[in-house]
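The next block holds one structure in the form of structure tokens; read it before the comments.
The values are calculated or read from the model by the stated rules, or taken from the named source; none is laboratory data. All values reported here derive from a predicted model rather than from experimental measurement. For neighbour counting, all protein chains shown are included, and Cβ atoms are generated from backbone atoms with ideal geometry for every residue, glycine included.
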Amino acid sequence: MERMILHSDCNSFYASVECLHRPEIREKPVAVGGDVEQRHGIILAKNEQAKKYGIKTGEALWQAQQKCPDLVIVPPRFELYKRYSRLCHQIYLDYSNQVEPFGLDECWLDVTAQGVNGVQLAEGIRGRIQKELGITVSIGVSYNKIFAKLGSDYKKPNAVTEINRENFKEIVWPLPVGDLLYVGRATQRKLQSYCKHTIGDLAITPEKTLKGWFGKWGSVLYAFANGFDNTPVARYVDHEEVKSIGNSTTTPRDLVDNEDVKIIMYVLADSVARRLREHGYKGRTISISVRDNQLESFVRQHTMNHYTNSTAEIAQEGMELFLKHYHWQQPIRSLGISISDLVSDSAPLQLDLFGAGKEQLRMEQLDIAMDDLKKRFGTNAVHPAVLLQDPQLSGFDPKRDHTIHPVGFF
């Protein structure tokens, strides 16, 4: 039986929820963003009226205001968005237990077992969400996850698009190669240097050639462009298990040296470690993400030989990864750090002959004492000395304001 995969994408999600709760701004150009006075003030979402002014997600608020002086900017309320995300999931779960979230506002559904017309089913879901929640979704219908996602982007807002084996060359292949999932700016530039401008150009390129350009990733690109993806849609219960804990931030100003990075890294590591301890986890695979002010980015990770939830240790591992892989071609605009390969913090601690285990235990006890102080008197109640060097950089609280980021595809 041919698979029937849906990809549902909430239209202008954050802005739609805000307009739903604030009737007075519904007919105005609206954007959700951070503090205008801070550099982490960027456009997170915008409504249809704001799109008419050319406002784009990710651009600075001041740039958006130059395009549209009457733009209404509201601060994000992630708890509210998470609530609506859960309400959408509950509707999806009425149709399948294979519901795989991709961030707060997107989900794949495998509805093959329903044995009904996928477009009709998608129209039913679209209508229910609009009637029951007051927001709209665009849904792609296809036989694989990649084309289903392209379908949800093809017509917006509030639409259903089917991409099947008969029409995918007509719909998918003319699209820019950058529209394909996980073709980032660097990959897109490299493909364009080889005169591969559309998904169709990519699809007809021999797989062997792509592997020569990109290694194993070339085979993935070839499969995605030709609709050969057979990745399953994960069950929703599998999603609910915590796989990693992390934080990232766009910095109040460009970071220009290692000392700047050290400050941000420690603030983020403190948030991550505190959340680990609150939820009863330790982890051992540290990942960092770095984006410069030209929006070039990369991710690197390292697996330690032991598990930890120590603030200092996570910060140190993150900093070592950074020093090893970044060589200051450009100032840095954003940083992130996360930890995965999680286990319960009740797992026994292995002591060694040289006292490293005892030192780790001492650091854990110190962190617990600091957690208690911060819980009683606020995050800024106690700081390591490194954070006092530049209060502008260190004066944010990622634990309180942490953002849920989309999970990876693989």
Candidate set: region 322-356, residues that are among the hydroxyl-bearing types (Ser, Thr, Tyr) and not in a loop (DSSP other than H, G, I, E, B); chosen: the one modelled with the lowest pLDDT: Ser344
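Can you tell me which residue among Glu123, Glu132 is part of a helix (DSSP H, G or I) and touching a helix residue (DSSP H, G or I) at 6+ places or on another chain (Cβ under 8 Å)? Before you say what the answer is, go through the steps one by one.
Values: Glu123 fails: touching a helix residue (DSSP H, G or I) at 6+ places or on another chain (Cβ under 8 Å).
Among Glu123, Glu132, only Glu132 is part of a helix (DSSP H, G or I) and touching a helix residue (DSSP H, G or I) at 6+ places or on another chain (Cβ under 8 Å).
Check Gly140, Gly151 and return the single one that is modelled with pLDDT of 95 or more, in a helix (DSSP H, G or I) and crowded, with 16+ Cβ neighbours inside 10 Å. Please lay out each step first, then the result.
Numbers: Gly140 fails: in a helix (DSSP H, G or I).
Result of the check over Gly140, Gly151: Gly151.
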When residues of region 13-45 are limited to those that are among the acidic types (Asp, Glu) and modelled with pLDDT of 80 or more, the one surrounded by the most Cβ atoms within 10 Å (Cβ to Cβ): Glu18
Among residues of region 186-201, those that are assigned to a helix (DSSP H, G or I), touching a residue at least 12 places away in the same chain (Cβ under 8 Å) and surrounded by fewer than 15 Cβ atoms within 10 Å (Cβ to Cβ), counted: 3
Unmet requirement for Val183, which otherwise passes all of (1) in contact (Cβ under 8 Å) with a residue 24 or more places away in the chain; (2) assigned to a helix (DSSP H, G or I); (3) not assigned by TED's automatic domain parsing to the domain that holds His325: (2)
Region 277-321, residues that are closer than 27 Å to Gln188 by Cα and either outside any strand (DSSP E or B) or more than 22 Å from the chain's Cα centre (by Cα) (or both): Asn293, Gln294, Leu295, Glu296, Leu321
Verdict on Ala64 being in contact with a Leu (Cβ under 8 Å, 6 or more places away or on another chain) and closer than 13 Å to Ile43 by Cα: yes
